[in-house]
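S.K.: Before I ask anything, let me first share the structure, which is written out below as structure tokens.
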Amino acid sequence: MRFYISIFLLWVGIFSLSAQPSAKKLKVEARKYAKEALPYIEKHDYQKARSLLYSAFSLDTASYLYAYEIAYTHVLEKDYVHAIPFYKMACKKSDVTDYCYVMLGSTYFLLGMQEEAEKALSEGLERFPNSGRLYQAMGDVNQLNLVRALHYYEKGVMADPSYPMNYYWLSKLFCNSTEEMWGMLYGEIFLNLEENTARSKEISQLLFDTYKNCIKFHGDTLVTVQFCRNSLTYPNEHKTEWLPLTMIYEPCLEASVPLGGSITLASLHDIRSRFIDVYTKENYHISHPCLLFDWHKDLMKKGYFECYNYWLMRYGSPHEFDVWLSKKREKYEDFLKWLKAHPLYVEKGRQFHRFGNK
């Protein structure tokens, strides 16, 4: 009798399990609800979108995505208070991404809760220690304290060198400081990592304008070049003074600028070409290696350096660029194809940042 009862209970269990939807089926159903919510978000019907997302979340509680999307609908309504609990919920999920922590920290910041914003982002960095996006967010919430902002943006460059936005902010901050050299170098790397955006147009013009502001022609007899004021020396392992890149860059650049000139795309190509020649002749490429200057040498060998310089700063002098392009279009189009196949290669172990040059 006991044997028959056991068989009966076994069949009841199997039947009840087979009657329940599988986890895979529930996930598919959840995605279906989430997909249905998208048009309502686009139409700004956030209440209806949330109703569908709640249904998705109830079917698939393991995923961070649905709590994240619910929070996002509150952010779109500028209802930051109600967004916070859902972002916090999403951040506890095993499949969460670094971007969820960015949104949690940013939402706290929008509420004026600086300490909580930094705490959320710090927790994100514990989980994603190589996230350039999280370091950028830490810099963003500290922009009223530029020293702290610079610290986090440069930590982002060091941790995640292929992520462009930290270079973007470093370029803007340094080019508007007394240490423009770093802004020039960071900005050029940014333009190689991010093309054809409003930000890339902005940095292209910024580089051109900074050259104009920092190279001054005084008649036909004097040129002054000033891209950095903080030119301290640092002791090396032999206890002797070691020149930082700031004390190498300016003299090499000054030696590359002819008297009685002006700043144009054409003159900048000549100046930047001579700079690499001087830098290499003095063996600074060995004592002070720089990712960008090595890149310039490669471009010169390929015969693409002129196209590259016009491409890099074309938004600084668009009319001059258009005139040049009308004469060099075929060569320029060849360069663009080559650049797409051979972009500047930036990763850990092959990168550039300010603290690698001390």
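The values are calculated or read from the model by the stated rules, or taken from the named source; none is laboratory data. Every value quoted in this text rests on a predicted model; they were computed, and no experiment measured them. Don't worry about glycine lacking a Cβ; one is built from the backbone with ideal geometry, like all the others, and counts go over all protein chains shown.
S.K.: Any residue at all in segment 288-311 that's over 27 Å from Thr197 (Cα atoms) and at pLDDT below 95?
M.R.: Yes, segment 288-311 contains at least one residue that is over 27 Å from Thr197 (Cα atoms) and at pLDDT below 95.
S.K.: Then there's this: Could you grab me the full set of residues in segment 78-98 that are assigned to a helix (DSSP H, G or I) and farther than 19 Å from Ala56 by Cβ? It would help to see each step written out before you state the result.
M.R.: Narrowing segment 78-98 to residues assigned to a helix (DSSP H, G or I): 80-91, 98.
Answer for segment 78-98, where residues must be assigned to a helix (DSSP H, G or I) and farther than 19 Å from Ala56 by Cβ: Tyr80, Val81, Ile84, Asp98.
S.K.: Of the conditions (1) surrounded by 20 or more Cβ atoms within 10 Å (Cβ to Cβ); (2) under 24 Å from Leu110 (Cα atoms); (3) within 29 Å of the chain's Cα centre (by Cα), Lys78 satisfies every one except a single condition; which number is it?
M.R.: Result: Lys78 fails condition (1) only.
S.K.: Tell me which residues, restricted to segment 307-358, are surrounded by 16 or more Cβ atoms within 10 Å (Cβ to Cβ) and not in a helix (DSSP H, G or I).
M.R.: Within segment 307-358, Met313, Arg314, Tyr315, Gly316, Ser317, Leu344, Val346, Gln351, Phe352, His353 meet the criteria.
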